[in-house]
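Everything below concerns the one structure shown next.
What follows is calculated from the coordinates using simple rules that are stated; it is not laboratory data. None of the values given here were measured: they were computed from a predicted structure. Positions of Cβ are generated from backbone atoms using ideal geometry, with glycine treated the same way; all protein chains shown enter the neighbour counts.
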2 protein chains.
Amino acid sequence: MFRTAAQRFSVASLHRRVLLITLRRFCNKAPRKLRVAELLSGTGLEANVQGWVRSVRSQKANLFVDVNDGSCLQSLQIVASPELNDPLLTFGSAVEVRGILKKSLHPKQAVELEAEHIHVVGECNPLDFPFKIKERHTLEYIRQFPHLRGRTNAFGSLLRIRGEATWAVHSYFKENGFAHIHTPIITSNDCEGAGELFQIEPSYPQNSQDENFFSVPAYLTVSGQLHLEVMTGSFSRVYTFGPTFRAENSQSRRHLAEFYMVEAEVAFTRSIEDLTEVMEDMFKRTTEHVLDRCARDVDLFHTHYADVRLPHKRAYDLLIISAAPAPPLTSACSASQWGCDLKTEHEKYLVKHCGTRPVFVTDYPYRLKPFYTRDNRDYPQHTAAAVDLLVPGVGELCGGSLREERLDLLRARLEEVGLEDTYSWYLDLRRFGSVPHGGFGMGFERYLQCILGVDNIKDVIPFPRFSHSCLL
Amino acid sequence: MFRTAAQRFSVASLHRRVLLITLRRFCNKAPRKLRVAELLSGTGLEANVQGWVRSVRSQKANLFVDVNDGSCLQSLQIVASPELNDPLLTFGSAVEVRGILKKSLHPKQAVELEAEHIHVVGECNPLDFPFKIKERHTLEYIRQFPHLRGRTNAFGSLLRIRGEATWAVHSYFKENGFAHIHTPIITSNDCEGAGELFQIEPSYPQNSQDENFFSVPAYLTVSGQLHLEVMTGSFSRVYTFGPTFRAENSQSRRHLAEFYMVEAEVAFTRSIEDLTEVMEDMFKRTTEHVLDRCARDVDLFHTHYADVRLPHKRAYDLLIISAAPAPPLTSACSASQWGCDLKTEHEKYLVKHCGTRPVFVTDYPYRLKPFYTRDNRDYPQHTAAAVDLLVPGVGELCGGSLREERLDLLRARLEEVGLEDTYSWYLDLRRFGSVPHGGFGMGFERYLQCILGVDNIKDVIPFPRFSHSCLL
């Protein structure tokens, strides 16, 4: 793609190059049009690097400039003759550097770029720039500058981790035969009858004020589950991964108005354990991928920002406990009684009680669960085939259930709540080749909070939206 | 994940198995927990298959049932003794079949399942079911049943193609060093000042009617471009792939209220050709992937539904023509004059004129383009560094431009349109380490229309939303 005489490399690729990572892996990551001869020629290669200045140290004999381009946490050290210095070469400025890649004598880095030419592309006045050289800003401070925070080490790391985790989730499902479905954002059903919905309308006045744009009231989705269930009528395994919305008037560190959900649905499944196995597997595989690809980025969070830290990689032995009939739940939380929903403090207690590790809780009281949850018919306690995954520091990470596939039971339940007309299409799914199935959803930001130990959910999403805040 | 004695396979994996695809590829696609011994043992394997009945043929000696599970277009043929027949075994019913996998003598298939047991899991009354056995329904007819249309061959194929194309887009960007950014759906900026926005508000009454939930008016995004530009201040290459929205009151076959956009932004880029190269590369790589993985699915569209068909794979030699100064544009379209925007009919003429192949059109009149477009300063004609990719049957598929990175020019333009306060954060991006950059967006549904030859955009998205329609 680039036609300059000197090849252009990202900082990450320069690091990798000297670390002798295999040719194949290199080709997958580096900018295209690298010739094998150049890859194999070792140091001495002419290179052209672009990025943003992270530090400038002017010494008598040498000028040292660290350049970062977002491709990894490390910066590339530029070594130059002092006469290449420029008053515009400041922290935060954008530069292009041409030079020769050499083996570095410094133990901190394998390679450095001996500069022939440094060009300041974009100035940055250090007095005005909100981030200061060599200062570790708090996440609260960084959050105030949504348009510039990618420039900090912490948020740069977060974005790389988020990207790799996203990729790992998609890879996990693809490798396990799940079809990816783009479930809709705009929907005319309010899923669980939850009250906290956003309604949408065109911002310009309609011809007729009474008429809705879609002819019916339309909302932002709170879950893609029902749409995935539609697809489970023809695909054995489906998933979706996209934004969902809650109009929750909360400033809490646990809630966003717009957040990402991973949701999956599996057909021909009769046991809650089929679901917990997918949840556990996805959790582990995604986390392993992130720890492999972003070790330094994760380490930055664990070292400087984590409140709760999960045990070492591959040490997540997930437990399954039952919410029914009572112990260990009610024995653990004296305030909690059978038939009551778990509160955040109960969830926390449970996680701690089980050794501060992820815990599945199954078989919730039937009457607490939405109409689509499968009835266990285990009178007199009467539970539903539902499961939650609780994790340290976060609480509920995943929620799932088997779905009621039996037409007569489902119809009776919908009639009871007066929704049989609204959900006639949903009843149709049980009339034409219905199958036992189930699924779950995972809050993606909560997942990131969990593996990184980040306290505030606003720090793990590029552009947080919550009540009274919609910056940019 | 599955603990039944007989292993469970998807129909696709059974087909693949006998087609002797390599072990590595097989392992990536098939359900987990397949043992190598089973993979290598050839026919004679005991298997357990679940899916939906696509046909039932009862003959004197044998019962033939075709079972499809959505994993591929082909169905698996079940051969059973006539006494395994069941009145509930009808077109559309859901079944579980246990049997022995055998080499098939029929030339249409490599393998068939000799059934030991057939269990109808979910009935389907053929009189009520809207799709009829062995009938090719039109896309218009299928569209009326959004909750059941996945059961048709056409829509099943579309969903598989859409999934593979989505995967290919993500793979392309990952392999080329682009960071994936989740740009927000809810935004307080209206991007280009376009009028056709959806506004959002909580559906429940607020405490104060005057107060917005977000303290400012909030809209559904029309583009993630400006948010990507934010990230281009710290990552050299970024992209996003998600839903975007237009409140266009149109029933046309070309518009949706909710559609998917692929958008990319590249830093340190000074030429429009850097962008056209990414667009072309992404288009070709994605299309090659889809044609490789979904050959039969694509063929179904080309055979039965395509109006316009693109030339054979690898035959897309994209042309670049300039909209400035005049020819071939104004000579081609007598109604079009320099300085006027291209209308759909002009686009169509251009594509045809160039041999019914994709065409890039560059350097549009400056005053037609939004404030962020880079000024070419080529007076007197005065163009902007913008580019569109036009394709047969669809018209505009991609639009992109270099962005104005020069603070003084950008500020002057924003002052001219009175938006300098609204976009003070955008000006900040040019104050702190600004770099030359550019990007583009591609309508994902239009891309699918283009490669499949599908006339109506509503047929290439799982749940179409447009004015007066928001089903499910």
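Some observations on this one:
- The listed peptides A:118-127, A:345-354, B:380-389, ordered by packing as a protection proxy, come out as B:380-389, A:345-354, A:118-127 (highest mean of other Cβ atoms within 10 Å first).
- Using 0.36 nm per residue and subtracting the Cα-Cα separation, the extra length available between A:ASP378 and A:GLU415 on full extension is 11.2 nm.
- Peptide B:392-405 has a mean of 0 when you count, residue by residue, the C-beta atoms of other protein chains within 10 Å of its C-beta.
- P(r) tail for segment B:206-304: Cα pairs beyond 21 Å make up 61% of the total.
- Take A:LEU409, push a point 7 Å out from Cα through the beta-carbon direction, and compare it with the same point in every other copy: 6.7 nm, smallest first.
- Of the trypsin sites (Lys or Arg not before Pro) in segment A:127-181, the ones in a loop by DSSP (not H, G, I, E or B) with at most 14 other beta carbons within 10 Å are A:LYS132, A:LYS134, A:ARG136.
- In summary, the aspartates and glutamates within cross-link reach of A:LYS369, defined as a Cα separation below 13 angstrom excluding same-chain residues under 8 places away, comprise A:GLU192, A:ASP341, A:ASP388, A:GLU404.
- Its residue count N sets the reference 2.2 N^0.38 Å, and the alpha-carbon radius of gyration of segment B:33-129 equals 1.08 times that reference.
- Ignoring lysines fewer than eight residues from A:LYS174 along the same chain, the ones with Cα atoms less than 19 angstrom from its Cα are A:LYS284, B:LYS29, B:LYS33, B:LYS174.
- GluC sites (Glu not before Pro) restricted to DSSP loop in segment A:125-200 with at most 10 other C-beta within 10 Å: A:GLU135
- Measuring r between the beta carbons of A:ARG270 and B:ILE133 and using R0 = 45 Å, the FRET efficiency lands at 0.95.
- For the peptides B:77-87, B:281-291, the ranking by packing is B:281-291, B:77-87, with the highest mean count of neighbouring Cβ atoms within 10 Å listed first.
- Residues of type lysines that A:LYS60 reaches as a straight line, Cα spacing below 28 Å, ignoring anything fewer than 8 places off in the same chain: A:LYS102, A:LYS103, A:LYS108, A:LYS132, A:LYS134
- Test item: B:161-167 mean partner chain Cβ contacts at 10 Å: 4
- Local electrostatic count at B:PHE91 - Lys and Arg +1, Asp and Glu -1, tallied over other residues with Cβ under 9 Å: +3
- Local electrostatic count at B:ALA80 - Lys and Arg +1, Asp and Glu -1, tallied over other residues with Cβ under 14 Å: -3
- With both labels modelled 7 Å from their Cα along Cα-to-Cβ, the A:GLU211 to B:ASP299 distance reads 4.6 nm.
- Treating each Cα of segment B:101-207 as an identical point scatterer and summing with the Debye formula, the log10 of I(q)/I(0) at q = 0.10, 0.14, 0.19 Å⁻¹ comes to -0.71, -1.04, -1.16.
- Averaged over peptide B:171-180, the number of partner chain Cβ atoms lying within 10 Å of each residue's Cβ comes to 5.
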